[in-house]
Structure formats: C-alpha cells, structure tokens
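FYI, it's all coordinate maths here, none of it is from the lab. Just so we're clear, the structure is a prediction, and the values are computed from it rather than from any experiment. Cβ placement follows ideal geometry from the backbone for every residue including glycine, while neighbour counts extend to all protein chains displayed.
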Amino acid sequence: TDFIIIIPSPIVVCKLHKGDFVELYYFTNKGLHNAELSMHSANDEALALLQMGDGLHSFIPLMAAQAKGTITADEDLSWEEFAEAAH
C-alpha cells in the first residue's frame, strides 16, 4: 500500500527537537496543508523583520513569520480539528 508521509513545517520540527510547546493547529489537516505550501514558496534563508512585544525589532525566518498570523489557538480548535491533530 502506498501512502504519503506529511511532515509539519521545519519551524515546528525544530521546536519539537528543542522540546518547546507546539500548538495543535500545526498537526490539523489545515496546518499540515499550510506547511506543505510554505515549503514550496519560501526560501530557507529568507528573513522577515518583526516588532516584538517589547517594542524591539527582530529578524526571524520568513516561514515562521508567515505562520504566526494563521495559527488557531488550541482552545479555539473545533472538536474535528482536535481529532485531526490527535491522530
């Protein structure tokens, strides 16, 4: 039987390796689909300039910046999305 293994975005994989918290959204069908699209559209070395909460500016990887605006908080996931992330 053939099947495709879908891997979360490199930012998520990095967070997992470091043992950091990762929102369940990244493991929903929508989150995995967005990760697949961003892998094809972003240069690994591209950076974005963001203003942080303390007012300072910081360069972060473009893929991380793109992901920040599209994440659904864990408490806002539907039961269906929660089930997708859990499997």
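Each of the peptides 15-24, 51-60 was scored by the mean count of other Cβ atoms within 10 Å over its residues; in descending order, highest first, they stand as 15-24, 51-60.
Count Lys and Arg as plus one, Asp and Glu as minus one, and take only other residues whose Cβ is under 11 Å from that of Asp74; the net charge is then -4. A cut-off of 5 Å between modelled amide H atoms, ignoring neighbours fewer than 5 places along the same chain, links Ala48 with Ile60, Leu62. Applying the Karplus relation 6.51 cos²θ - 1.76 cosθ + 1.60 with θ = phi - 60° to the range 47-52 yields 3J(HN,Hα) values of 10, 10, 9, 10, 8, 7 Hz, where x marks Gly and Pro.
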